[in-house]
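Student: One structure is given below, represented as structure tokens, and several questions about it will come after.
The values are calculated or read from the model by the stated rules, or taken from the named source; none is laboratory data. Since this is a predicted model, take the numbers as computed values, not measurements. Positions of Cβ are backbone-derived with ideal geometry, glycine not excepted, and every protein chain shown enters the neighbour counts.
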Amino acid sequence: MRIVAALRKQGFEAYFAGGCVRDELLGLHPTDFDIATSATPNQVRNTFPGTHHVGASFGVVLVPINAVNTLTKEPIKSHVEVATFRTEGPYSDKRRPDSVHFADAKADAQRRDFTINALFLDPLKPGPNPLVDGSIIDYVNGQADLENRLLRAVGNPDDRLAEDHLRALRAVRFAARMALAIDPATARAIRTHASELAGVSRERIGDELRRVLLHPTRAIAAALLTWLHLDKPTLGTDAQPPSTTPDPDQPDPDQPDPGRARQLSPALAGLPPMLWPGATIAAPLAAWLLDRQAQPDPRLAARTRASLCLTNDEAEMLDAVLTCTALLQQQWEKLGLAGRKRAAVRPGFVGAILALRTLNPPLAARIEGQIQHLAHQPPGLAPPPLLTGDQLIAQGHKPGPQFKQILDAAYDAQLEGRPATPQTKPNKI
């Protein structure tokens with residue numbers, strides 16, 4: 001409010017813009033506030049000291065603000081993005097415009113991706129909507145689309161996608177999170193150009209998929225990805241070939257609802273809506289991959305790591321969940337007491353069990369019951385080892401293949417509650 005008021009005092013137009021306006025209309029609490037203005041970047045910098053020039057060539061300046069944590073009452077250093085009204089030239093790299101031209105508010109609204117993100121709010125002028133403090137400025141019928149629960153591209157959807165094909169994934173995220181139907185023309189354009197997503201940076205695709213899979217609406221989002229032919233290009237597998245121009249006389253396929261989403265991705269839908277603290281994309285991504293094929297492919301984690309630019313931790317946990325799921329599915333009944341205890345404390349066991357609860361409920365229930373029983377029986381699932389490597393070295397053993405075999409045999413014996421009597425002679429040192 002202070003920044004808008006200061007710009008208006010200087011004689012410039014200035015409004016809240018984009019997602020914060022949309023969220024206000026939905027009765028949500030925006031976490032970020034963006035401002036659009038007729039002031040140029042230089043004029044913004046002259047009005048507010050200490051600005052950051054993160055995107056001045058595109059008319060974007062960060063203005064610092066002083067906020068207070070409502071819980072701790074401690075000061076928070078933050079900023080507000082202030083962008084000059086603009087139009088944009090071609091997107092040669094399918095990510096950023098080659099050029100921008102400063103314009104007015106109406107032209108700025110018409111260059112945005114979706115109508116629900118192209119709304120402005122004048123906080124200094126009272127309006128009739130009780131959900132917002134101010135007056136809505138709407139050049140693209142975004143408010144009506146939001147009331148009708150419709151996600152629609154601004155203008156020609158083919159043009160909006162050609163500018164940045166990542167907008168197809170953003171459409172899925174918005175539609176899933178806000179329970180919006182995707183406008184038929186927008187959906188046809190996404191489906192027609194789905195294969196072109198393969199040309200987008202894999203890092204950007206990975207970041208967008210994290211936002212999708214870490215949200216409680218992950219299952220409906222996955223169903224939308226499949227419905228729009230975006231699943232394969234997103235995962236980096238064989239992309240769908242470019243579609244022919246849709247026949248306007250043919251009805252569009254039905255948009256998936258939550259029930260259909262559960263059928264398509266039962267393991268993904270079976271995850272708890274809010275994942276555990278510190279959870280990464282690994283567990284929901286593993287569940288989605290398992291939903292898409294009957295048996296885990298040992299090479300799948302490595303391929304997905306490259307396709308989505310996963311971090312080392314994410315890739316290792318993804319591999320752990322997929323590997324542990326295969327172990328439980330194929331070998332659980334053959335494992336002895338020690339093997340079952342070792343499986344229960346493997347990385348990825350929790351994610352594997354969550355997936356099996358929907359992929360193979362009887363097996364998951366059997367494993368959970370047996371593990372719960374074993375956890376309460378001495379010596380537990382993962383007691384400290386009675387025999388350590390230091391002790392073997394003190395006895396004259398030299399580290400090597402036999403060294404590990406002795407330690408593994410001793411620990412298996414401990415897990416099974418029987419005496420460990422490895423019959424081996426020390427290696428010469």
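Student: Tally the residues that are over 22 Å from the mean Cα position of the chain (by Cα), assigned to a helix (DSSP H, G or I) and crowded, with 17+ Cβ neighbours inside 10 Å, restricting the search to segment 9-35.
Tutor: Count: 3.
Student: Identify, from the list 179, 144, 153, the residue that is in contact with a helix residue (DSSP H, G or I) (Cβ under 9 Å, 6 or more places away or on another chain) and surrounded by 15 or more Cβ atoms within 10 Å (Cβ to Cβ).
Tutor: Sole residue among the options that is in contact with a helix residue (DSSP H, G or I) (Cβ under 9 Å, 6 or more places away or on another chain) and surrounded by 15 or more Cβ atoms within 10 Å (Cβ to Cβ): 153.
Student: Identify, please: which residue in segment 298-320 is of a type in the set (A, V, I, L, M) and surrounded by fewer than 16 Cβ atoms within 10 Å (Cβ to Cβ) and is, among those, nearest to residue 210 (Cα to Cα)?
Tutor: For segment 298-320, the residue satisfying everything is 306.
Student: Looking only at segment 104-116, how many residues end up being surrounded by fewer than 18 Cβ atoms within 10 Å (Cβ to Cβ) and assigned to a loop (DSSP other than H, G, I, E, B)?
Tutor: Within segment 104-116, residues that are surrounded by fewer than 18 Cβ atoms within 10 Å (Cβ to Cβ) and assigned to a loop (DSSP other than H, G, I, E, B) number 1.
Student: Can you tell me which residue in segment 329-373 is nearest to residue 287 (Cα to Cα), limited to those that are among the small types (Gly, Ala, Ser) and surrounded by fewer than 19 Cβ atoms within 10 Å (Cβ to Cβ)?
Tutor: 365
Each row is one residue, and each column tells you yes or no for (1) in the same structural domain as residue 181 (by TED's automatic domain parsing); (2) in contact (Cβ under 8 Å) with a residue 40 or more places away in the chain; (3) not charged (D, E, K, R).
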residue: 98; (1), (2), (3): no, no, no
residue: 105; (1), (2), (3): no, yes, yes
residue: 110; (1), (2), (3): no, yes, yes
residue: 114; (1), (2), (3): no, yes, yes
residue: 117; (1), (2), (3): no, yes, yes
residue: 124; (1), (2), (3): no, yes, yes
residue: 127; (1), (2), (3): no, no, yes
residue: 130; (1), (2), (3): no, no, yes
residue: 135; (1), (2), (3): no, no, yes
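Student: Condition check: under 22 Å from residue 96 (Cα atoms) and modelled with pLDDT of 95 or more. Does residue 162 satisfy that?
Tutor: Here the answer is no, as residue 162 does not meet what is asked.
Student: For residue 142, are the conditions met, namely being among the small types (Gly, Ala, Ser) and within 24 Å of residue 11 (Cα to Cα)?
Tutor: no
Student: Please give the number of the condition residue 365 fails out of (1) part of a helix (DSSP H, G or I); (2) within 29 Å of residue 232 (Cβ to Cβ); (3) among the hydrophobic types (A, V, I, L, M, F, W, C).
Tutor: If we test residue 365 against (1) part of a helix (DSSP H, G or I); (2) within 29 Å of residue 232 (Cβ to Cβ); (3) among the hydrophobic types (A, V, I, L, M, F, W, C), just (2) comes out false.
Student: Considering only residues of segment 42-68 that are at pLDDT below 85 and assigned to a strand (DSSP E or B), which is nearest to residue 1 (Cα to Cα)?
Tutor: Result: 65.
Student: Let me ask something else about it. Which is of a type in the set (A, V, I, L, M), within 11 Å of residue 234 (Cα to Cα) and either touching a Phe, Trp or Tyr at 6+ places or on another chain (Cβ under 8 Å) or in the same structural domain as residue 306 (by TED's automatic domain parsing) (or both), of 194, 153, 222?
Tutor: Values: 194 fails: either touching a Phe, Trp or Tyr at 6+ places or on another chain (Cβ under 8 Å) or in the same structural domain as residue 306 (by TED's automatic domain parsing) (or both); 153 fails: within 11 Å of residue 234 (Cα to Cα).
Only one candidate passes the filter, namely 222.
Student: Picking from 167, 173, 152, which residue would you name as being modelled with pLDDT of 95 or more, touching a His at 6+ places or on another chain (Cβ under 9 Å) and closer than 26 Å to residue 25 by Cα?
Tutor: Every option except 173 fails the conditions.
Student: Against the conditions (1) within 25 Å of the chain's Cα centre (by Cα); (2) surrounded by 19 or more Cβ atoms within 10 Å (Cβ to Cβ); (3) farther than 27 Å from residue 206 by Cβ, where does residue 121 fall short? Just the number, please.
Tutor: It fails just one condition, (1).
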